[in-house]
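One structure below.
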Amino acid sequence: MRRLSLTLPLVLLACGLKPAAAERLVVSLSNHRVAVTSSFIGEDLVLFGTIEPDAGKTALRAAYDLVVTVTGPPETLRTRRKERVLGIWVNIDSREFVHVPSYLAVLSNRPVAQIANRDILRRLQVGLDDILLPQRIGLDIADTVRDDSFRAAFVRLQTQYGLYRQSGTAVTFLTPTVFRAAIPVPANVATGNYAIDVKLFADGAMVTRTTSALEVIKTGFEQYVAEAARDYGLLYGLIAALMALITGWFGSVVFRRD
Amino acid sequence: MQIYLPIADLPVNIFLVLGMGLAVGFISGMFGIGGGFLMTPLLIFIGISPAVAVASVSSHIAASSFTGAITYWRKRALDIPLALMLLSAGIVGTATGVWLFTELRAVDQLDLMIGLSYVTLLTIVGAVMIYESLRAEIRTRKGKPATLRRPGSHTWLHGLPFKLRFKRSKIYISAIPVWAIGFIIGFVGAIMGIGGGFLLVPMLIYFLRVPTATVIGTSMVLTLVTMASATVMHAATNHLVDAVLALILMVGGVIGAQFGARTGQNMRGERLRLLLGLLVFAVGLRFAYELGVKPDDLFSLRRVRSE
């Protein structure tokens, strides 16, 4: 705990969080709770915000950049690679991605590479290339270089599923200080708490940041079924088997020919 | 109309799945089989993961075989003692299959194992069925009786100990091959998501000399119990049974089977066997192609756990 209290200010300093920021971010989310029902086909949330001078100390700068990072509840996934063995394709090698976001959206007003340099992006973990995606390598857990084939495949597959995305056009400045960001929530998102991190950049450096949150809950019959299958496996199985027997019996009664 | 499958975790068109249930049900009714060997591959081809497909189809087959078993029960075309004997080993086979299924899934080799099992089993069984029915066809053309072996003839299986008499089927046979067959069907069914009717019926006829009067009914009882227990075991250990998917398949399957059975009655036995053989063989080849051709994406993801 003592060590933590010593390192925390250092970490904050390293992140470039200046204690006396000249600007302040005020953000508001259109909806803090997304209810996923059986007919849910995805939804776009809207984040509105303004950049305000802090107690009138400094005049506002000419141009700002904004990066919104939305992180879903963590999960552990395994990425597998097929290779040809004796003429057939077999999963040979695999890597486990430990405690990585189940959903990750990096939304900005222009491509993150143009907003700040690589070092800053890496330090602040901005963008899919620079976010920490720890893999289990032997006994160690570490992130690899960004062009590691497993890491690249992991990000590519998650992007295909619509769970990871990076967009340099999702944030729009309505006036030089008022912005809106569209946060897409696809149908296959995990339930839980989502953290929203909003970072304001000017001249290639972070000026200030703020956070918000949203919650995804699943409701309705499908969710009830999924929860029952996970939490009461045996009972669920017995009910599924009973359902099969009833359907079968019903079929024999309805179509009885003798 | 799209419906979200809670366990398979993807939206599907309800009419597509219902249509698949009807089509497979039609074929299963026509040939007197469960149709799992067709349904599981179809589900895999529309994007449902092999693990969920195998687990969910088991409950679908339980439903269709229960319908069949009731019909045969009414006709008194069941050999209950023989079915119980097969079952005692079938349950052990199913439990072993579910255990192996879980182990293979943990080391990421389940999909491969399902594919390989389909290729070997279906191509061999399909080829044998085509060969046998063609030979019978040629024999009938020449004016000879279609039966290949006389029902009374003995094989080495009749020399084994622990002999039991099954009155309804009028056979006197050792318990060892009965148990072995029960175990194999239970095991293969749990791994591949098939009821095993297309394997069990020939096995009972060729090895145990069970007469045609009781063979299908008895096979359906075994299929029913192994598949119902596979459903419970898959749900309890792997949480992979998609009840919504299974229900749609069941409804389609039970209806389709009725129409299939009527069509099947109007066809000659040998012709039916040839058609079934060709179907089985084709599904086997499809899986062989899948294994041999380079996949579009060499990488795939599997969720280990969510925290």
When (1) open to solvent by 40 Å² or more (accessible area, probe 1.4 Å); (2) without any contact (Cβ under 8 Å) to a residue 60 or more places away in the chain are applied to A:Thr71, the one that fails is (2)
Out of (1) out of contact with any helix residue (DSSP H, G or I) (no Cβ under 6 Å at 6 or more places or on another chain); (2) more than 30 Å from A:Asp203 (Cα to Cα); (3) buried (at least 19 other Cβ atoms within 10 Å of the Cβ); (4) more than 7 Å from every other protein chain (Cβ to nearest Cβ), the odd one out for A:Arg95 is which? (1)
Quick check on region A:81-92: of everything there that is more than 7 Å from every other protein chain (Cβ to nearest Cβ) and of a type outside the set (Lys, Arg), which residue is farthest from A:Thr71 (Cα to Cα)? A:Leu86
Only residues in region A:137-160 that are β-branched (Val, Ile, Thr) count as the first member; pair them with residues that are buried (at least 17 other Cβ atoms within 10 Å of the Cβ) and assigned to a helix (DSSP H, G or I), Cβ under 9 angstrom, at least 6 apart or cross-chain, and list the lot. A:Thr144/A:Phe150; A:Thr144/A:Arg151; A:Val145/A:Arg151
Flag for A:Ala181 being open to solvent by 30 Å² or more (accessible area, probe 1.4 Å), modelled with pLDDT of 85 or more and hydrophobic (A, V, I, L, M, F, W, C): no
Does B:Phe183 satisfy the criteria of being part of a helix (DSSP H, G or I), in contact (Cβ under 8 Å) with a residue 60 or more places away in the chain and away from chain A (no Cβ under 14 Å)? yes
Among the residues of region A:213-231, which ones are part of a strand (DSSP E or B) and open to solvent by less than 30 Å² (accessible area, probe 1.4 Å)? A:Leu214, A:Val216
Members of region A:46-66 found to be modelled with pLDDT of 75 or more, under 20 Å from A:Asp203 (Cα atoms), out of contact with any Phe, Trp or Tyr (no Cβ under 8 Å at 6 or more places or on another chain) and surrounded by 14 or more Cβ atoms within 10 Å (Cβ to Cβ), listed by number: A:Pro53
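Tell me, please, whether a residue that is among the charged types (D, E, K, R) and under 24 Å from B:Gly115 (Cα atoms) can be found in region B:208-220.
Pass one, region B:208-220, residues among the charged types (D, E, K, R): B:209.
Okay, now just the ones that are also under 24 Å from B:Gly115 (Cα atoms), so none.
No: zero hits.
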Looking only at residues that are crowded, with 18+ Cβ neighbours inside 10 Å and within 30 Å of B:Gly217 (Cα to Cα) in region B:92-108, which one is modelled with the lowest pLDDT? B:Phe101
Among (1) in contact (Cβ under 8 Å) with a residue 24 or more places away in the chain; (2) farther than 19 Å from B:Asp108 by Cβ; (3) within 7 Å of chain A (Cβ to nearest Cβ), the one test that B:Gly292 misses: (1)
Could you check A:Phe250 against (1) within 12 Å of chain B (Cβ to nearest Cβ); (2) over 20 Å from B:Leu240 (Cα atoms); (3) touching a strand residue (DSSP E or B) at 6+ places or on another chain (Cβ under 7 Å) and say which number it fails? (3)
Yes or no: A:Leu174 free of Cβ contacts under 8 Å to residues at least 60 places away in the same chain, more than 17 Å from A:Glu75 (Cα to Cα), surrounded by 16 or more Cβ atoms within 10 Å (Cβ to Cβ) and over 12 Å from the mean Cα position of the chain (by Cα)? no
So which residues in region A:126-145 are more than 14 Å from chain B (Cβ to nearest Cβ) and buried (at least 16 other Cβ atoms within 10 Å of the Cβ), if there are any at all? A:Val126, A:Gly127, A:Leu128, A:Asp129, A:Asp130, A:Ile131, A:Asp143
Just one of B:Thr218, B:Thr237, B:Thr214 is closer than 16 Å to B:Val52 by Cβ, part of a helix (DSSP H, G or I) and hydroxyl-bearing (Ser, Thr, Tyr); which is it? B:Thr237
Of the residues B:Thr226, B:Thr237, only one is closer than 25 Å to B:Arg105 by Cα and buried (at least 24 other Cβ atoms within 10 Å of the Cβ); which? B:Thr226
Starting from region A:74-91, take each residue that is touching a residue at least 12 places away in the same chain (Cβ under 8 Å) and list its partners that are open to solvent by 40 Å² or more (accessible area, probe 1.4 Å) and among the hydrophobic types (A, V, I, L, M, F, W, C), counting only C-beta distances under 7 angstrom and pairs at least six apart or across chains. A:Thr76/B:Val304; A:Leu77/B:Val304; A:Arg78/B:Val304; A:Arg81/A:Ile92; A:Arg81/B:Leu298
Counting only residues that are in a strand (DSSP E or B), open to solvent by 30 Å² or more (accessible area, probe 1.4 Å) and touching a strand residue (DSSP E or B) at 6+ places or on another chain (Cβ under 9 Å), region A:191-211 contains a total of 5
Those residues of region B:261-307 which are in a helix (DSSP H, G or I), more than 22 Å from B:Val119 (Cα to Cα) and open to solvent by 40 Å² or more (accessible area, probe 1.4 Å), in sequence order: B:Arg262, B:Thr263, B:Gln265, B:Gly269, B:Arg271
Show me the helices (runs of 4 or more DSSP H) entirely contained within region B:1-87 in which 1 or more residues are open to solvent by 10 Å² or more (accessible area, probe 1.4 Å) and within 14 Å of another protein chain (Cβ to nearest Cβ). B:14-31, B:50-74
Would you check if there is a residue in region A:104-119 being touching a Gly at 6+ places or on another chain (Cβ under 6 Å) and free of Cβ contacts under 8 Å to residues at least 40 places away in the same chain? no
Can you work out which of the residues in region B:194-223 that are open to solvent by less than 40 Å² (accessible area, probe 1.4 Å) and in contact with a Pro (Cβ under 8 Å, 6 or more places away or on another chain) is farthest from the other protein chains (Cβ to nearest Cβ)? B:Arg209
Being open to solvent by 50 Å² or more (accessible area, probe 1.4 Å) and closer than 30 Å to B:Met1 by Cα narrows it down to one of A:Glu43, A:Glu83, so name that one. A:Glu43
Within region A:98-125, track down each residue that is within 21 Å of A:Arg78 (Cα to Cα), open to solvent by 10 Å² or more (accessible area, probe 1.4 Å) and assigned to a loop (DSSP other than H, G, I, E, B). none
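The values are calculated or read from the model by the stated rules, or taken from the named source; none is laboratory data. Note that the structure is predicted; figures quoted are calculated from it, not measured. Virtual Cβ from ideal backbone geometry, glycine too; neighbours counted across all protein chains shown. Heavy atoms of the whole protein, side chains included, go into the accessibility calculation; ligands, DNA and RNA do not. Shrake-Rupley method; radii C 1.70, N 1.55, O 1.52, S 1.80 Å.
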